[in-house]
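Below is one structure, written out as structure tokens; the observations come after it.
The values are calculated or read from the model by the stated rules, or taken from the named source; none is laboratory data. Since the model is a prediction, treat every value here as computed from it, not as a measurement. Please note: Cβ atoms are built from the backbone with ideal geometry, for glycine as well, and neighbour counts cover all protein chains shown. Protein only, heavy atoms only, side chains kept; ligands, DNA and RNA dropped before computing areas. Shrake-Rupley method; radii C 1.70, N 1.55, O 1.52, S 1.80 Å.
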There are 2 protein chains.
Amino acid sequence: MSVNKTKKADIVTVAKAARVSASTVSRYFNHPELLKPATRKKIDSAVRRTGYIRNRAAQTIHGIRSGTIGVLIPTLDHAIFAEVVQAFSETVEAQGFTILLASHGYDLQREYAILRKFLEHRVDGVVLTGLDHDEAVFQLLDSQDIPCVLMWNYAAQSRFPAIGADNELAGQMIAAHVLALGHRRIACMFPPTFGNDRALARRDVVLDTLQGAGVEVPDHWMLQTVYSISESKRDAQQLLSQANPPTALICGNDILATGALYGAKASGLSVPEDVSIVGIGDFKGSSDIEPALTTVRLPAKRIGQEAGKELAMAIVDPSARGGASLHCAPELITRQSSAAPAR
Amino acid sequence: MSVNKTKKADIVTVAKAARVSASTVSRYFNHPELLKPATRKKIDSAVRRTGYIRNRAAQTIHGIRSGTIGVLIPTLDHAIFAEVVQAFSETVEAQGFTILLASHGYDLQREYAILRKFLEHRVDGVVLTGLDHDEAVFQLLDSQDIPCVLMWNYAAQSRFPAIGADNELAGQMIAAHVLALGHRRIACMFPPTFGNDRALARRDVVLDTLQGAGVEVPDHWMLQTVYSISESKRDAQQLLSQANPPTALICGNDILATGALYGAKASGLSVPEDVSIVGIGDFKGSSDIEPALTTVRLPAKRIGQEAGKELAMAIVDPSARGGASLHCAPELITRQSSAAPAR
DNA sequence: TCGAATTATGAAAACATTTGCAAAACTATT
DNA sequence: AATAGTTTTGCAAATGTTTTCATAATTCGA
């Protein structure tokens with residue numbers, strides 16, 4: 001329908017329209033202070049008339065930054081990652097970057113393939129989620145020299161700067177909380193840990209902490225439940241309706257805990273009187289659910305922002321490379337879903 | 001740390017290493033069937049040795065597709081958009097596209113600016129969220145000739161192909177449901193509608209439907225509540241603890257409804273005996289909350305997939321342009337949170 | 001074993017920019 | 001009014017590819 005100006009306007013179209021050379025138009029965009037005002041005005045009008053839009057691809061092959069950052073996450077379907085990405089993207093957008101986003105669904109092979117694609121697009125930097133990645137991914141990153149940060153998880157030493165929360169600490173905190181309340185008959189519900197170092201770290205440290213206090217979790221109280229409210233509701237219901245149920249249930253994340261809360265209710269148990277239920281994460285609804293969920297806050301928004309700041313900085317000023325890791329500390333949030341066991 | 005091979009490998013580096021010409025290397029990637037196996041093998045090894053990664057920017061300036069799609073949403077913080085984006089991205093990734101993602105936070109000015117940036121990156125196509133956009137946005141899209149689809153919302157006629165659910169229909173369905181149960185004392189809770197055509201459409205049609213049945217919603221039962229469980233919990237609590245409260249509360253989305261459910265409980269009311277509460281959306285947790293939420297399902301995943309299919313198709317085969325809109329029908333999901341009013 | 005037909009490869013132009021260098025156009029100074 | 005100095009602009013080369021056209025290498029039939 002629209003009048004197709006035969007060809008898309010390029011820089012020489014604009015140059016002709018403004019009766020200047022292409023170089024001058026280029027300077028108009030990149031070093032406007034070098035032009036005299038009259039020329040600037042001419043070009044301004046020519047740009048408007050021709051509908052010219054700069055071509056970053058053409059700039060990029062001159063070694064100029066592409067203005068893109070590759071963001072690689074497991075999935076957006078977990079609200080918590082969506083939140084991190086949102087915060088990250090807002091932060092780097094403010095600095096003029098646009099993000100390339102892709103999710104690997106916990107498939108390490110795909111992660112590598114996606115990273116390659118990002119590099120083909122000549123992203124200026126890359127964010128990966130979590131600390132554990134295929135060795136090939138790290139090597140690829142090493143061989144290119146673009147900055148990379150590992151977001152979400154934190155550890156003292158890591159292959160690239162890590163910005164996130166210490167998941168082991170989070171697990172330890174919640175386990176310690178449950179123990180401190182006096183629970184000894186404790187069940188756990190964790191997501192499948194394959195390809196998911198965060199979940200794995202949390203689970204192991206919870207178990208260790210309990211064990212350290214002399215509490216063994218029997219196998220049939222060690223639930224593995226996929227990330228889904230309905231699944232966790234079902235599993236919790238089944239667990240809690242057995243004879244002699246646990247007095248506390250530690251969930252690997254708040255989604256599982258939310259489902260467990262529903263499951264407890266469906267089993268006719270009250271929380272926290274009959275059973276304490278705790279999560280990890282402090283997701284959006286966790287403070288408002290009834291009863292409000294005791295959990296460990298992982299500061300998603302802050303993590304996204306800090307990662308964005310750090311990466312943008314590393315890109316803009318590559319001299320200050322080797323950026324530092326940053327721990328966004330988890331925090332125990334005690335609410336109504338946990339209490340001392342009835343005796 | 002890593003041994004920096006002085007310069008990044010480009011196609012001529014590879015060519016030299018393989019003792020062939022640059023053209024041959026180019027063909028190796030784009031028309032491998034033209035090379036004889038021996039040459040292919042030589043280049044294969046040279047690519048590996050040099051660590052060469054193709055430069056899409058350089059291809060793009062030849063008019064070759066960039067392999068990117070710009071996705072423009074209000075925010076990822078609403079789980080429902082995250083879900084749509086995830087489905088969309090999976091669908092187009094399978095076709096080799098990578099997405100550029102940005103959010104405008106309901107700011108029309110920013111939407112325009114982001115679109116321009118997408119175009120500078122020479123995206124092969126664009127997805128916008130919702131039907132309403134600044135006229136400048138539409139004009140810009142018209143002037144470029146890349147395909148665009150409007151995702152999430154549906155209307156019979158729209159500026160570009162629309163793939164989504166009819167929000168007016170959804171609003172009408174939920175209002176009709178509440179009326180059919182016999183309610184007449186009905187309150188509404190909707191998000192701020194500024195810059196948000198979806199919310200606006202829903203609200204207006206709900207009101208119209210109620211009015212059509214002779215039900216007026218008094219001003220003080222017309223709540224405007226930001227998208228947040230805690231806010232809606234508070235507002236609902238306040239509403240429901242007044243003397244002579246409504247027997248039903250229609251919420252503009254499931255997040256508000258979830259908060260309202262908590263608010264009702266906190267006010268000591270039972271749902272649905274004392275008050276029916278319904279939402280729109282059928283978000284992830286809505287079926288599992290206690291009581292399970294009556295709502296109208298907006299098929300986010302399907303919308304994302306269909307939009308992805310349509311856009312990828314329009315890009316790959318531009319002859320079949322002028323793609324059609326597609327209605328992904330909303331569906332009333334009756335669960336426990338709604339019932340006939342007690343009398 | 002030769003020439004024709006076919007297949008594989010290379011040289012060079014094209015793509016949309018940026019940039020170093022040099023020329024042109026101004027200003028200021030005398 | 002001429003010169004020196006400064007500011008503004010244009011030319012041409014460069015960037016990393018793809019592609020057209022031409023040439024070189026191979027295959028095949030006689």
Quiz item: For the protein assembly as shown, what Kirkwood radius comes out of the mean inverse Cα-Cα distance, in Å?
Solution: 27.5 Å
Quiz item: Within chain B, which complete DSSP H helices have Cα atoms spanning at least 15 Å along the helix axis and a mean Kyte-Doolittle hydropathy of -0.5 or higher?
Solution: B:79-93, B:108-120, B:167-180, B:197-212, B:254-266, B:300-316
Quiz item: Which far-off residues, 5 or more places away or on another chain, put their amide H under 5 Å from the one on residue B:183, with H placed in the peptide plane?
Solution: none
Quiz item: How would you classify the stretch B:167-297 from its alpha-carbon gyration tensor, with a ≥ b ≥ c the square roots of the eigenvalues: rounded for a/c under 1.5, else prolate if a/b is greater than b/c, otherwise oblate?
Solution: rounded
Quiz item: How well do other chains shield peptide B:76-88, expressed as the mean number of their Cβ atoms within 10 Å of each residue Cβ?
Solution: 5
Quiz prompt | Net charge of Cβ neighbours under 15 Å - reference residue B:107; Lys, Arg +1; Asp, Glu -1 | solution = -4
Quiz item: What percentage of all Cα-Cα pairs in chain A are separated by more than 28 Å?
Solution: 53 percent
Exercise. Mind checking A:52-65 for the average number of partner chain beta-carbons within 10 Å of each residue's beta-carbon?
Key: 5
Quiz item: Build a GNM of chain B with springs between Cα atoms under 10 Å: which of B:103, B:325, B:23 gets the top mean-square fluctuation?
Solution: B:23
Quiz item: Excluding ligands and nucleic acids, what accessible area in Å² is computed for residue A:216 using a 1.4 Å probe, to the nearest 10?
Solution: 120 Å²
Self-check item: Teacher prompt: residue B:273 distances to equivalent labels in other copies, 7 Å Cα→Cβ, nm
Solution: 1.6
Quiz item: Ordered by residue, what ³J(HN,Hα) values in Hz, to whole numbers, does the stretch B:277-291 give under the Karplus form 6.51 cos²θ - 1.76 cosθ + 1.60, where θ = phi - 60° and Gly and Pro are x?
Solution: 10, 10, x, 9, x, 6, 6, 3, x, 4, 7, 9, 5, 10, x
Exercise. Would you tally the net charge around residue B:327, using a Cβ to Cβ cut-off of less than 13 Å, leaving residue B:327 out, and scoring K and R as +1, D and E as -1?
Key: -4
Practice problem: Keeping all protein chains in position, work out how much accessible area residue B:274 exposes to a 1.4 Å probe, and write it in Å² to the nearest 10. | Solution: 80 Å²
Quiz item: From the label point of residue A:340, set 7 Å from Cα along Cα→Cβ, how far away are the matching label points in the other copies, in nm, ordered shortest to longest?
Solution: 5.0
Quiz item: Of A:17, A:324, A:180, which is the most mobile in a GNM of chain A whose springs link Cα atoms less than 10 angstrom apart?
Solution: A:17
Self-check item: Estimated D of the stretch B:54-118 in µm² per second, where Rh is the Kirkwood radius over Cα pairs and Stokes-Einstein applies at 10 °C, 1.306 mPa s
Solution: 122 µm²/s
Quiz item: Amide H neighbours of residue B:251 under 5 Å, counting only residues 5+ apart in sequence or on other chains, H built in-plane at 1.01 Å?
Solution: B:189, B:278, B:279
Quiz item: Which shape class applies to the stretch B:222-343: rounded if a/c is under 1.5, otherwise prolate when a/b exceeds b/c and oblate if not, where a ≥ b ≥ c are the square roots of the Cα gyration tensor eigenvalues?
Solution: prolate
Quiz item: Expressed as a whole percentage, what fraction of the accessible surface of chain A belongs to carbon and sulfur atoms when a 1.4 Å probe is rolled over the protein heavy atoms?
Solution: 52 percent
Quiz item: In nm, one decimal, shortest first: how far is the label point of residue A:287 (7 Å from Cα along Cα to beta carbon) from the matching points in the other copies?
Solution: 3.0
